[in-house]
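Presented below is the structure to which this report refers.
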Amino acid sequence: MKVSPTVVRTAAVVVAVAMVMAVAATGLLSERWSTIVDDAAQLVAGTAATVCCFVSARRREGSARHWRVLMGLGMAGWTLGMMMWAFYRSILHTPIPSPSVADIGFFVLPFMAVPALVILANSKPGNTRRIAGRHFWVIALLDCLVIAGTLLSLSWWTALGAVAGSSELHSVLGLVVAASYPLTDFVMLAMMLLLWALGRFPPWARTQSRLLGVGIAMLAISDSLFAYLVYTGTAQIPIIADIGFIAGPAFVALAAVAADDPPEERRRRILGERVHLMIPHALIAAVGTGFVVALLLGWQLDPVAVGICLAIMLVGIVRQMYTLVENSLLIEQLHEAQSELSHRAHHDPLTGLANRNLLQSRIRRAVGADPTTGEPGGLGFAGLLIDLDDFKAINDRYGHQEGDAVLVALGERLRRAVRQSDTIARIGGDEFFILLENHPIPIESVVERVRRECFNDSFVIDGDEVRLGASIGVVTAHPRTGMSAEQLMLWADRAMYSGKRAGKGTTIYTLPDPSAASGPPLR
């Protein structure tokens, strides 16, 4: 089994970080040398991430280059801040002043990482943008609030709450800088989790997004842990707390050099989409469970944390209500679309009349009806096949657009000439078929009314009055004839063409003979 280069590189990074921690954090070295090894490892990791981002960006184009350049700038700023931090800690052996210029470098990372994540998530190879609808963005906003609220709650319970209540901060600027670290970490993590929870990272960037997410998470965890320990009065920060400052940049470097992923299998993609759908609900459940457990154990709850938890649950309720409404509208639209598709499948797109498929279905219903029950076809049925005489001349003289307008107008006249329950179909370019079921009056009266109301009056085309003629083949039958719809239409067709040969504008009546399946004899 072939192992991908990304897996090999990731394993090497994990082993290297573990070795650094084993050397620097286990007491094998003196405190001074442990600090030097720790700072050197952070600088090497940050420099490697910066170089990998910029070098790999040169070999790519479009969004693949843009997010790497942004992450490269972010890691460059972070590495410069780390250089100043290491200079004070490892060389001058004195705490770095706070705030300092190093803080500017550290804050470059979140300001570059957030747009880098958005670019990676909202584009495909070839810079093809994903277009999302209103429903997606509303749900995305609500999910963002859920995820952001969860992380804010966690941050408040740990680092942010400790920083806000610290007595070590003697200036407003110091408080702002100190609070900005967990807040910017919170923003990066919220954006990362939101994009992942919504399944916005494209299939080709699965590995890149995961490695980048691990790197950002490791940096944020160590950053928040460091802030918490400092502002809770911890005398000595354990070196193990810096593991994220080493592993985080290393994973960013792995993301930058990772190759695109192959196309994802459909089953795996669907499973991933279902997991993404469950993330906001799982977070709401976790927050609610934690809130209930805290109440049952009698813990003293911070008012800010309680407010955040209640807001998260409220957003979850709003999200669920909105989803229910949208699902209801979606089902309604689906039914409308199905009705539209069914209508198009059974009706002529030009005239809106029935097409051949619907006509044959109606004829089969009439043929199979029981004559003794009064059901469709109980009084017998008839079919009129109408073929326009010399209609080609109208198309040749006035054009097909005007010819189509005449066909539409004729369809309207046919509707007025027969009952609403009768079926009128357009079965060819200038051929129409009328199916009369349970007709109580003689068929000759119906034919006479069709000719009078549809063909006595002229049609106006470009200011000219044009008269149409028609040859009609009429077939009358009773239910249970033992003939198919196609055979009955063939009888009507033969009758109509025998009339055309007799001089056009004629009506030919025929009664089908089931034994003569090929149709009536030619005249």
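The values are calculated or read from the model by the stated rules, or taken from the named source; none is laboratory data. All values reported here derive from a predicted model rather than from experimental measurement. When we count neighbours, we look across all protein chains shown, and the Cβ atoms used for this are built from the backbone with ideal geometry, even at glycine. Surface areas here come from the heavy atoms of the whole protein model, side chains and all, with no ligands, DNA or RNA. Shrake-Rupley method; radii C 1.70, N 1.55, O 1.52, S 1.80 Å.
Heavy-atom accessible area, probed at 1.4 angstrom with all protein chains present, ranks 336, 326, 465 as 465, 336, 326, highest first.
If I compute solvent accessible area with a 1.4 Å probe over the protein chains, what percent of it on the range 1-112 is carbon and sulfur?
Carbon with sulfur: 73 percent of the solvent-accessible area.
Shown for the range 308-347: the carbon plus sulfur share of the solvent-accessible area, taken with all protein chains present and a 1.4 angstrom probe, equals 69%. Ranked by the mean number of other Cβ atoms within 10 Å of their residues, highest first, the peptides 31-42, 288-299 fall in the order 31-42, 288-299. Under Stokes-Einstein, with the Kirkwood radius over Cα pairs standing in for Rh, what whole-number D in µm²/s applies to the range 67-118 at 4 °C and 1.567 mPa s? This corresponds to a translational diffusion coefficient of 114 µm²/s.
Per atom type, the range 377-492 shows carbon and sulfur on 47% of its accessible surface, probed at 1.4 Å.
Once the gyration tensor of the Cα atoms in the range 28-94 is diagonalised, the equivalent ellipsoid follows with semi-axes of 31, 11, 6 Å, ordered largest first.
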